[in-house]
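See below for the structure under consideration.
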Amino acid sequence: MMRISTGNSRRRSFSGPGNNAAAAAGDAARGKTVYAAACAGCHGPEGKGGPRGGAVADASYLALVSDQYLRTTVIAGRTDLGMPDWRGYAPGQPLTAQQISDVVAWLIAQRRPVPGRPVSAKEGRSHVP
């Protein structure tokens, strides 16, 4: 269980699908399937933008955001932009910790080299000088 500080002496606990630190590493191939089922309806089949959501597989966007930001956004959504909080929303069920890891792996796999952006070893490439 993860403790989240609310900015005062009170603490609340949250044990949700994205807070399992031991969750297996994501698989981009499985993530593509999860993306198709849970995300493509808004963001389009290839993540280039859709009827209700912007492009999430855009090279400029992916160059600017960290892996953790992607994970946090998949888990908590962007309710200010109309993106649901996936901890408790999905037709029939919330996304599991593994599905979250998989869709994040798929998003990371969509990154392309961008001049000036160091590429992490986690992405399978060496740093850009």
Problem - Subset of the stretch 45-54 (residues that are modelled with pLDDT of 90 or more and either in contact with a Ser or Thr (Cβ under 9 Å, 6 or more places away or on another chain) or closer than 23 Å to ALA97 by Cα (or both)) - result: PRO45, GLU46, GLY47
Problem - Subset of the stretch 1-33 [at pLDDT below 55, in a loop (DSSP other than H, G, I, E, B) and surrounded by 11 or more Cβ atoms within 10 Å (Cβ to Cβ)] - result: GLY16, PRO17, GLY18, ASN19, ASN20, ALA23
Fill in the blank from the handout: The residue from ALA76, ALA57, ALA63 that alone is modelled with pLDDT of 90 or more and either surrounded by 14 or more Cβ atoms within 10 Å (Cβ to Cβ) or touching a strand residue (DSSP E or B) at 6+ places or on another chain (Cβ under 6 Å) (or both) is ALA57
Handout entry: Test for TRP106: is it crowded, with 17+ Cβ neighbours inside 10 Å, modelled with pLDDT of 95 or more and in contact with a helix residue (DSSP H, G or I) (Cβ under 9 Å, 6 or more places away or on another chain)
Key = yes
Completion exercise
Checked the stretch 34-71 for anything touching a residue at least 40 places away in the same chain (Cβ under 8 Å) and either assigned to a helix (DSSP H, G or I) or small (Gly, Ala, Ser) (or both); matches are VAL34, TYR35, ALA38, CYS42, GLY47, ALA57, ALA59, SER60, LEU62, ALA63, ASP67, ARG71
Exercise for the section: Please enumerate the residues belonging to the stretch 54-77 that are within 8 Å of the chain's Cα centre (by Cα) and either charged (D, E, K, R) or under 11 Å from ARG111 (Cβ atoms) (or both). Expected result: ASP67, LEU70, ARG71
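The values are calculated or read from the model by the stated rules, or taken from the named source; none is laboratory data. No experiment lies behind these values; they were computed from the predicted model shown. When we count neighbours, we look across all protein chains shown, and the Cβ atoms used for this are built from the backbone with ideal geometry, even at glycine.
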